[in-house]
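To start, the structure itself, in structure tokens.
Please treat every number below as a calculation from the coordinates, not as lab data. Predicted model only: the values in this text are computed from it and were never measured. Cβ: placed from backbone, ideal geometry, glycine included. Neighbour counts: every protein chain shown.
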Amino acid sequence: MSNHADALFADKQIGFFIYLMVEGVMFGTLFATYFVFTPAATGPAPGEVYDTQSVILASACLLTSSGTLMIAEKGLANHNWRRIWTGLGVTFLLGTAFLVIEVQEFYFYVQDGYTLTSSNFLSAFFVLVGLHASHVLFGLLWMVVLACQSFRSLPYQLFKEKHKIFIYYWHFVDLIWILILVLVYAPFLW
Amino acid sequence: MMTFNLLDEVLYMPSDVIAAWVLALLLGPAVLVWITRQRKWPVLWEYARTTNHRKVGTMYLLFGLLFFLRAGTDALIMRTQLAVPQNDFWVFQGEKYNEVFSTHGTMMIFFAAMPLLIGLMNIAVPLQIGARDLAFPFLNAVSFWLFLAGGLLFNLAFFLDSSPNAGWTAYTPLSTDTYTQTAGNDYYVFALQISGLGTTLTAVNMIVTILRHRAPGMSLTRMPLFAWATLITSFLILIAFPVLTIALFLLMFDRLFDTSFFSGEMGSPVYWQHLFWIFGHPEVYILALPAFGIFSDIISTFSRKKVFGYMAMVISLCLIGFLGFMVWAHHMFTVGLGPMANTFFAITTMLIAVPTGIKVFNWLFTMRNGIVRFTVPMLFAIAFIPTFVMGGVTGVMLSVAAADMQFHDTHFVVAHFHYTIIGSTILGIFAGIYYWYPKITGKILNRRLGLWHAGLFVTGFHLTFFIMHITGLNGMPRRTYTYEWGENLLAFNLISTIGAFMMGAGVLFFAWNIYTTHKSGEKASADPWQGRSLEWTVASPSPEHPFEKVPIVDQRDAFWYAKQSGRKLQVEKDPRPAPIAVYTIQPALMSMILLVMSIGLIYNWWLLALICGGFLLLMFLWRTWKDERRSLYEREEPDE
């Protein structure tokens, strides 16, 4: 489109990617913390704690949600509001399902006596996975705001940019989940 | 110490805190009355809402200097306590002394050195590369207000008699709630967390600005070295600060939510040290590299020569930044990581001397055969070189792991890092302020007072800290509030104290200089120093919208060579769009909400914290709803 908007958006894109890199370093440090304290010398072993079923279910939801967001992305390119709303809506539902499953998973762990303070392995686990979950929650709120924005008479280019930045965020959160799956759960579940 | 009875609760207040309250209650209203009398409220309101890089930079400098004075006062208190053996100065013994040195270190690093450097970056970098503002002006204001919120929170701790007391490194397990129950180290955690976020956002801003907002023809290798140093420093911040964020995050969990990452049977105190120094060592270069950049520009300008070995300077900056991440464990030689680890970190540490040495020689060669003008910034630069070299030499001494067992935690180490950090960062900041003062205020700082400032400060500095090498080698431990008669330390410590007060006097001359220059300083032209880079092409002080016409750069120091050949720089007709300037109170509000939220978390007032969190989300909503790009896009998109 216009020269002015494109230049400003390119600034924003780079800025946001750099910010995601910062987040990456933060998560990296938390992964390191998890490895330092897992498995703990005393207390429950990770294999005893983790619940395979809910991990698989949660992963299925979140990983699909990155795919459904692409529907919205496609709609965004074609200026197709139906697609945008469908993509956003389905992604929102999947994200919510993920969050519900995860909260439930945490709840069961706590019920079984595996709390934040039971062992350092669990502390590291809860802080890492909990921070990821709060990112998902923030993403859900973001989607609500985006949906509200879509009903305003914003210039389309502006809405598109806002939506795109969210897409980067959501894929990033998904990527972190894949790392959690591979590095946190997988070694102790299978 | 005084005791109060308040609502059946007994309150103890040390007399230094009472004195501070009295002073604040007297000065505060006086300042308010003065502002009203002078009709300065509109100006304050304007600055509170500005996103202009020069104004934000000016606020960084002002508050950085304010916190510098406060942390400097702490230093004088320490030196007074240590002036003679078995001294009993006021209340500053034992626990109080711990608070003073913890506050001094933390404030100097995070709330004085960092904001002062970032302030200079804000002011100079966009002008040097021909940008019309930072890439994200709103974000820049957010960064500043986050820094200020962190600084205010940290100072609040003192007024509530709960200053942090575990050193600026907050080593665990001492800093966990098992050993320091009072709120002091919570203040440390949250103040650093908030201001650290601001620093990280600044780094993002600087990188995008430098990568995308350079004037046409200004390739990366034509940038002034201060811009280069800012770029490398920003990358260091991006990697180092998130690690600190997580370290503080985990410490917060230990202190507030009963985890035991860093203490107890399961915890690992050494893990904190690793995290802290993975941040902390790059932080040292985050402080030093911008100063290197400032000196490179100043030395070149006042020697009337281009920088000697420009590419070598750039590569050295990169190498120092890169190696800076591989040396953190040299702070931990005495932990017992084993001979392999110690050897590795000793060698990487020694390696850093190579690129640094290259830079030192290049500065000297820049001056060689130059027409050197001994202006105040240049004098600071000349004082910097030998000072920093001495700090470097002791650095190499400390990097010898076996010898470090003896040096560790003595005044020798204190001498070393003050030679490097004051030698580079603080002298660099002073030099930078004198150098760019015309761009900030449109006036030139008085040279005679500047000479007093430089002379007293540098002489006092060497008196204070050179001596500490000797007391350190004699075994005087750091962070200890007294020593015995008959240990042969009296004369040395007394000289050290006298030197510290000379530095203080120097800083007073600086403050006086700023005051008189403000009252009756001489107006500066656009190019008062016969400068070489683009900031000297715009008016002094730099206008809100500099570079109405963006110059085209055809070589390094293009402005200088254009002047030499009596031509003007060509102007780009169709430059890239400028960032959008806005006036908004949102950044200030956001930061103050975060400040209150932190207080809620510190004292476990969860409801307050929760409400503040809600307000913060609402602020995000406000921000995205009232997007300043909207009107611009509507103009460009008339048919939709």
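Descriptive notes on the structure:
- The string of couplings for the range A:128-141 from the Karplus curve (6.51, -1.76, 1.60, θ = phi - 60°) is 5, 5, x, 5, 5, 4, 5, 5, 4, 4, 4, x, 5, 4 Hz, one whole number per residue in order, with x for Gly and Pro.
- With a 10 Å cut-off around each Cβ of B:629-636, the average count of Cβ atoms from other chains is 6.
- Highest average first, the peptides A:118-127, B:337-346, B:64-73, B:123-132 ordered by how many other beta carbon atoms sit within 10 Å of their residues are B:123-132, A:118-127, B:64-73, B:337-346.
- By the count of other C-beta atoms within 10 Å, a proxy for reagent exposure, B:H274, B:H416 are ordered fewest to most as B:H274, B:H416.
- Averaged over residues, the count of other Cβ atoms within 10 Å places the peptides B:455-467, B:201-213 in the sequence B:201-213, B:455-467, highest first.
- The range B:73-142-the range B:423-444 distance, computed between alpha-carbon centres (Å): 16 Å
- Near the amide H of B:E572, within less than 5 Å, lie the amide hydrogens of B:V550, B:I552, all on another chain or at least 5 residues away, with H placed in the peptide plane.
- When only alpha carbons are used to place a centre, the range B:347-397 and the range A:153-190 end up 47 Å from one another.
- Distant-in-sequence amide H partners of B:I444 (H built 1.01 Å from N, under 5 Å): B:E522, B:A524
- Dipole of the range B:368-516 [Lys/Arg +1, Asp/Glu -1 at C-beta], most positive-end residue of B:V458, B:T387, B:F430: B:F430
- Contact order relative to length of the range B:361-505, as percent, for alpha carbon pairs under 8 angstrom and 6 or more apart: 30 percent
- Note that the protein assembly as shown shows a convex hull volume over its alpha carbon atoms of 175 Å³ per residue.
- Evaluated with a Cβ-only charge set (Lys, Arg +1; Asp, Glu -1), the protein assembly as shown carries a dipole of roughly 3760 debye about its Cα centre, given to the nearest 20.
- Loop-resident chymotrypsin sites (Phe, Trp or Tyr not before Pro) (DSSP state other than H, G, I, E or B) in the range B:467-565 with no more than 15 further Cβ atoms inside 10 Å of their Cβ: B:W485.
- The ranking of B:H418, B:H545 by Cβ neighbour count inside 10 Å, starting from the fewest, reads B:H545, B:H418.
- Note that the range B:549-565 has calculated 3J(HN,Hα) couplings of 10, 7, x, 9, 9, 10, 6, 5, 6, 4, 4, 4, 5, 5, 4, 4, 9 Hz, one per residue in order, obtained from phi through the Karplus relation 6.51 cos²θ - 1.76 cosθ + 1.60 (θ = phi - 60°); glycine and proline are x.
- Most positive-pole-ward Cα, A:Q13, A:I176, B:I239, against dipole of the protein assembly as shown from beta carbon charges: A:Q13
- Fraction of the pair-distance distribution of the range B:66-188 above 23 Å, Cα-Cα pairs, percent: 42 percent
- Residue-averaged [θ]222 nm for chain B, counting only DSSP H segments that reach four residues, each worth -39500 (n - 2.57): -22500 deg cm²/dmol
- Bridgeable aspartates and glutamates around A:K160 (alpha carbons under 17 Å apart, same-chain partners fewer than 8 residues away excluded): A:D6, A:D11, A:E73, B:D627, B:E628, B:E634, B:E636, B:E637, B:D639, B:E640.
- Between the residues B:N155, B:V553, B:S268, the greatest Cα displacement towards the positive end of the dipole of chain B, with unit charges on the Cβ of Lys, Arg, Asp and Glu, is found for B:V553.
- Pairs exceeding 21 Å between alpha-carbon atoms, taken from A:K12/B:K573; B:K523/B:K568; B:K306/B:K573; B:K305/B:K563; B:K439/B:K549; A:K164/B:K626: A:K12/B:K573; B:K523/B:K568; B:K306/B:K573.
- Its Cα centre serving as origin, the range A:3-189 has a Cβ charge dipole (Lys and Arg +1, Asp and Glu -1) of approximately 760 debye.
- Ranking of B:I278, A:I56, B:I320, B:I237 by count of other Cβ atoms within 10 Å, fewest first: A:I56, B:I278, B:I320, B:I237
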